[in-house]
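Heads up: the structure comes next, in structure tokens.
Quick note: the coordinates plus some simple rules give every number you see, no bench work behind them. Here the structure is a predicted model, which means the values were calculated and not measured. We place every Cβ from the backbone using ideal geometry, glycine too, and count neighbours over all the protein chains shown.
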Amino acid sequence: MAVQLGFEKGPFTNIELATVTDAGKEKTGLINVRSGPMEAWMLLPDGSIRRVTGEAKVFPDRVYAQFDRIYLDGLYPATPGRVPSPICAVVVSDRDRTKFGVLTHAASPDRGAEVDPAKVVRGREAAVLNAPLVFAYVQLPDRHFPD
């Protein structure tokens with residue numbers, strides 16, 4: 001599927017996490033993420049955007065996410081008859097694309113971005129990220145993650 005979508009020329013893309021909530025005092029882009037099912041919007045090489053679903057796992061300093069289903073036949077796959085296609089994409093650090101996962105706000109705070117405690121779910125399975133837009137690596141058949 002990844003080759004058919006055009007990821008052979010460039011396996012990295014942007015993903016906007018969708019199943020998150022605002023966590024900032026201002027319009028800072030801070031978001032609250034929880035472990036569990038995750039939905040996002042993936043930018044395809046042709047410029048189109050499609051919904052992907054998968055799973056997120058939150059740790060105190062890093063959030064990992066993998067997406068294993070992409071919905072190519074429309075923007076709202078919950079509509080009856082919409083069937084996902086398989087894909088393998090993982091979130092990688094926007095600072096170092098060779099590391100999986102994204103640093104949390106606590107591990108790498110943005111200057112001037114204040115967390116609103118009333119908006120944040122606390123606990124071992126939740127964290128705040130600096131922005132909903134993350135990089136992802138799309139796995140191609142018989143390929144390994146680049147060095």
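I need the per residue convex hull volume for the chain, using only the alpha carbons, in cubic angstrom as a whole number.
119
On a straight-distance basis, which lysines could pair with Lys99 in a cross-link, Cα separation under 18 angstrom, same-chain partners fewer than 8 positions away excluded?
Answer for Lys99, where 18 Å is the Cα cut-off: Lys57, listed by chain and number.
Using a Förster distance of 35 Å, how high is the FRET efficiency between Val83 and Glu125, based on the Cβ-Cβ distance and rounded to 0.05?
The pair Val83/Glu125 has a calculated efficiency of 0.70.
Counting Lys and Arg as +1 and Asp and Glu as -1, what is the net charge of the other residues whose Cβ lies under 12 Å from the Cβ of Ala127?
In short, +3.
What full-extension length gain, to one decimal in nm, is calculated for Asp142 and Glu114 as 0.36 nm per residue of separation minus the Cα-Cα distance?
In short, 5.7 nm is gained.
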